[in-house]
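Following this message is one structure expressed as structure tokens.
What follows draws every value from the coordinates through simple rules; no lab data is involved. Quick caveat: nothing in here was measured; it's all calculated off a predicted structure. Neighbour counts are summed over all protein chains in view; Cβ atoms, including those assigned to glycine, are modelled from backbone coordinates with ideal geometry.
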Ligand SMILES: NC(=O)c1ccc[n+]([C@@H]2O[C@H](COP(=O)([O-])OP(=O)(O)OC[C@H]3O[C@@H](n4cnc5c(N)ncnc54)[C@H](O)[C@@H]3O)[C@@H](O)[C@H]2O)c1
């Protein structure tokens, strides 16, 4: 409370209420970010670090991951991790606990995209390619979520009883998949679909679960396309007519960490795009 005094007379008093229990502060957040060495995951890593949190970057790309961790300083470590491996994800979570004492947020951004039709000039979609996409995007995401939720049980609950938060990444392809996306769209529809049941499963364990469904974002995945293709894609959103910026995903991810009342939700972040 502060009291405003003018000419020895009390004018008014201002009372500040700050209920720390309702929000999980980014400053106190210890996050693991899969796919954190590139693109959307990297932007999330940078935002959490900029806001005072700590991050374990979990990615297959050792060079990029180590470089990023070295640039970001003491509150970031890199742990080479294949999200599909139970052993490697468990070891990554241990590394996070050893470095920062706990895991309060698990964000899955690791993913791959392929363009392959169900039946094409070279015959039917190879089954192993289909399985690979499902394995990394869907099974890998589930693997990280389930093991992270267990690690979060060692945390001290805040006033809401919250122990941690899980944020996964789908895509607008989960809803409007295009030609050549039977594997990618199915994997992302799976991620969107598991959000509610996982949030229900983990409610009594103090863990929230939310999913981001990005539209088209300028990451290494898209910036490798020719300029005309990028130009054409940037015309697709309703408004604003441009590609999304990875920092915009990072802001949403931080909001999902902080806002204790946001749970079991899939949020499209896409400038209103509806892919044809
Ligand atoms: N960029 C977009 O427009 C867009 C749109 C919708 C959804 N997404 C989704 O967002 C996520 C991030 O995409 P991005 O554009 O930043 O891609 P990106 O290629 O820049 O980054 C993906 C990262 O995941 C890592 N990775 C791949 N397989 C892995 C595995 N098995 N284990 C651990 N790490 C692995 C890669 O090494 C890479 O660093 C993906 O899940 C993608 O499907 C992206």
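Out of the DSSP beta bridges found with both residues in the chain, what percent are antiparallel (nearest 5)?
The antiparallel proportion sits near 20 percent.
Please give the Cα centre distance for region 155-234 versus region 46-76, rounded to the nearest Å.
21
At 0.890 mPa s and 25 °C, plugging the Kirkwood radius over alpha-carbon pairs of region 86-204 into Stokes-Einstein gives what diffusion coefficient in µm²/s?
Answer, rounded: 156 µm²/s.
With 10 angstrom as the radius, rank 107, 72, 138 by how many other C-beta atoms surround their C-beta, starting from the fewest.
72, 138, 107
If you don't mind, another one. Below 8 Å between Cα atoms, with a sequence gap of 6+, how large is the relative contact order for region 141-238 in percent?
Across region 141-238, relative contact order equals 28 percent.
Using 14 Å as the cut-off for backbone N distance, which residues of region 234-274 belong to the label zone defined by a point 7 Å from the Cα of residue 203 along Cα→Cβ?
It comes to 261-265, nothing else.
Let me ask something else about it. Distance in nm between label sites at residue 157 and residue 261, each 7 Å beyond Cα in the beta-carbon direction?
Distance between label points: 2.0 nm.
Rounded to two decimal places and with Rh computed the Kirkwood way over Cα pairs, what is Rg over Rh for region 167-276?
1.01
Hey, can you rank 166-177, 92-103 by average C-beta count inside 10 Å, highest first?
166-177, 92-103
Given a cut-off of under 8 Å on Cα pairs at least six residues apart, what relative contact order in percent is computed for the chain?
Computed over the chain, the figure is 19 percent.
So what's the back-of-envelope 222 nm ellipticity for the chain, counting only DSSP H runs of four-plus at -39500 (n - 2.57) apiece and dividing by all residues, rounded to 500?
Mean residue ellipticity, 222 nm, calculated: -11500 deg cm²/dmol.
Which three extents, in whole angstrom, do the alpha-carbon atoms of region 22-269 cover along their principal axes, largest first?
Sorted from largest, the Cα extents of region 22-269 read 56, 35, 32 Å.
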